[in-house]
Amino acid sequence: MDIYKIFRADEWAQLQAEGRTLGAPVDRADGYIHFSTAAQVAETLAKHFAGANGLTICACNADALGDALRWEPSRGGALFPHLYRPLALDDIAWHAPLPLVDGTHPLPDRVA
């Protein structure tokens, strides 16, 4: 199963340059990297990235992240994937830009 992380342009550039990341400021403050499932990612975009330009969506295989990935309750009690280690560029199965189109971020067809 793929899970998804959204990066702002500067965060994505930093990950590409350094090969690993502790995530966005909110991730570092919470002590883990926030991910979403395919069913959760549209709401995550609307809630946390509304109107933002220059976004990138990254997909990771949940099983490949091993024991550092935990499923914990968040919005409305739903279980969200949280990664308790740095995310490496090698962990990313694929990535794609998320352009802002008419005020929303259409997801790639690959998100499923």
Next item on the list: Looking at (1) assigned to a helix (DSSP H, G or I); (2) in contact with a Pro (Cβ under 8 Å, 6 or more places away or on another chain), find the lone condition where Ile57 falls short.
Entry: (1)
Next item on the list: Would you be able to tell me the number of residues in region 72-111 that are at pLDDT below 95 and aromatic (Phe, Trp, Tyr)?
Entry: 0
Checklist line | Lone qualifier among Asp91, Asp2 - being in contact (Cβ under 8 Å) with a residue 60 or more places away in the chain, in contact with a strand residue (DSSP E or B) (Cβ under 8 Å, 6 or more places away or on another chain) and among the acidic types (Asp, Glu) | finding: Asp2
Margin query: I'm checking my understanding of the structure. Among residues of region 11-48 that are in a helix (DSSP H, G or I) and of a type in the set (D, E, K, R), which one is farthest from the chain's Cα centre (by Cα)?
Written below: Glu18
Next item on the list: Sort through Glu72, Glu43 and tell me the only one that's touching a strand residue (DSSP E or B) at 6+ places or on another chain (Cβ under 7 Å) and acidic (Asp, Glu).
Entry: Glu72
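The values are calculated or read from the model by the stated rules, or taken from the named source; none is laboratory data. In this text the structure is predicted, and so the values were computed from the model without any measurement. All Cβ positions, glycine included, derive from the backbone under ideal geometry; neighbour counts span all protein chains shown.
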